[in-house]
Amino acid sequence: MKNFNPLYLQNLDINMPGLKVFHLQLNRHLRELDAIALHQHEFDQLLVYFAGRGIQIFQDRQIFVRTGTVVFLKRGCAHAFRETVGRRPLCLAIDFNFDAKDERTNSSGQLTQTQMALIRQQLSELMISAKSDPAANQLNVAGLILQILDVALKGAGLLSVAKTNLESPLLKRVRLAVTDPANSELRLEQIAAKVGYQLDYLNRLLRQQCGLTLGQLRNQELISRAKRLLRQDSSIGEVAERLGFADQNYFARWFRAHAGMTPSRWRKQAR
């Protein structure tokens with residue numbers, strides 16, 4: 001990765017049905033280590049390699065690691081790594097736990113260029129949030145990490161991070177409702193009514209499917225759209241208008257509350 005900077009996010013408190021995320025780190029292997037001895041963890045672990053070559057050993061298997069290799073290790077699985085000639089490996093490690101009844105097993109795979117590009121983009125946004133204030137951007141950080149997990153696990157030949165279908169008909173309807181500019185000034189109760197539910201009951205259904213409430217989903221979808229638009233050449237006022245914000249200053253305050261910085265500063269760092 002160009003302009004690589006280490007990233008360490010400890011003591012994460014990300015919870016959704018069947019999944020808890022604890023830590024995330026992106027770093028190169030130490031120069032003095034060309035091998036990592038056999039060891040195991042009390043949590044599930046996902047490894048994504050962005051550079052370097054080596055041999056990953058687990059469950060009496062040896063796989064050759066290169067750029068794009070992804071490895072999923074169940075808790076308690078003894079594993080080791082041996083570096084080969086070339087650049088030191090650059091590895092993303094995410095520590096988490098699936099539900100104890102989850103039947104997913106140790107697996108590995110090779111991410112496509114599209115999947116790698118998606119993860120790189122999500123990591124770039126994660127670094128921006130981490131540089132400002134991860135606590136203040138908790139929802140944004142959690143959403144980005146879950147997206148990374150989702151893409152990487154699929155690349156390893158496993159299902160997405162949630163047991164339920166993250167794109168169920170209900171969730172699709174909710175996403176359309178919360179991103180419709182015509183609904184931008186509606187209260188959450190009114191948006192829930194448009195979807196066909198009372199707010200409290202809809203929140204219970206959404207928590208079961210994706211771990212978020214209607215309000216959190218609306219903020220997540222809007223902040224994601226705002227960032228996509230800010231990467232383009234549109235002015236801040238045009239972005240606000242396209243998202244349904246009548247007041248550019250209000251949009252700027254809203255964006256700062258959820259992204260940890262102003263729209264103009266976020267766009268400058270993202271570029």
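None of the figures in this text is laboratory data; all of them are computed from the coordinates on show. Owing to the predicted nature of the structure, the values given are computational and were not obtained by experimental measurement. Counting neighbours? That spans all protein chains shown, and the Cβs are built from the backbone with ideal geometry, glycine included.
Sum -39500 (n - 2.57) across every DSSP H segment of at least 4 residues in the chain, then divide by the residue count to get the 222 nm mean residue ellipticity, nearest 500. Each step should come with its number before you reach the end.
Working: 9 runs with 113 residues, N = 271.
-13000 deg cm²/dmol, from helical runs alone.
Step through the table entries Lys154/Lys194; Lys20/Lys154; Lys172/Lys268; Lys172/Lys227; Lys20/Lys268, compare each Cα-Cα distance with 28 Å, and write down the pairs that go over it.
Lys154/Lys194; Lys172/Lys268; Lys20/Lys268, as the Cα separations exceed 28 Å there.
Mind checking the angle between helix 138-155 and the chain's longest principal axis? C-alpha axes, 0 to 90 degrees, to the nearest 10.
50 degrees
Rounded to the nearest 0.05, what FRET efficiency is calculated for Arg87 and Arg228 with R0 set to 25 Å and r the Cβ-Cβ distance? Present the calculation step by step, with values, prior to reporting the outcome.
Working: r = 32 Å, r/R0 = 1.29.
Calculated value: 0.20.
Please report the orientation-averaged projected area of the chain, defined via the convex hull of its C-alpha atoms, in nm².
If I average the Cα hull's projected area over directions, I get 14.9 nm².
Give me Rg over Rh for region 7-155, both radii from the alpha carbons and Rh done the Kirkwood way, two decimal places.
That ratio equals 0.95.
For region 169-270, build the convex hull from the C-alpha positions and give me its volume per residue in Å³.
Dividing the Cα hull volume of region 169-270 by its residues yields 98 Å³.
What's the extension gain from Lys131 to Glu238 if we count 0.36 nm per residue and subtract their Cα-Cα distance? Could you put the intermediate results ahead of the total?
Working: separation 107, 0.36 × 107 = 38.52 nm, distance 2.67 nm.
Gain on extension, Lys131 to Glu238, equals 35.9 nm.
Taking the Cα-to-Cβ direction at Cys77 and at Phe64 and moving 7 Å from each Cα, how far apart do the two end points lie in nm?
2.1 nm
Rounded to the nearest 0.05, what FRET efficiency do His41 and Arg265 give with R0 = 35 Å and r taken as the Cβ-Cβ distance? Could you check?
Given R0 = 35 Å and the Cβ-Cβ separation, E is 0.40.
Under a point spin-label approximation (7 Å from Cα along Cα-to-Cβ), what is the Arg187-Arg175 distance to one decimal in nm?
For Arg187 paired with Arg175, the spin-label model returns 2.8 nm.
Would you work out which of Leu171, Gly109, Ala51 lies farthest towards the positive end of the dipole of the chain, given +1 charges on the beta-carbon of Lys and Arg and -1 on that of Asp and Glu, about the Cα centre?
Projecting each Cα onto the dipole axis, the largest value belongs to Ala51.
Relative to the longest principal Cα axis of the chain, at what angle does helix 113-132 sit, 0 to 90 degrees, rounded to 10?
70 degrees
Compute the helix-to-body angle for 214-230: its Cα long axis versus the longest principal axis of the chain, expressed 0 to 90° and rounded to tens.
For helix 214-230, the angle is close to 80 degrees.
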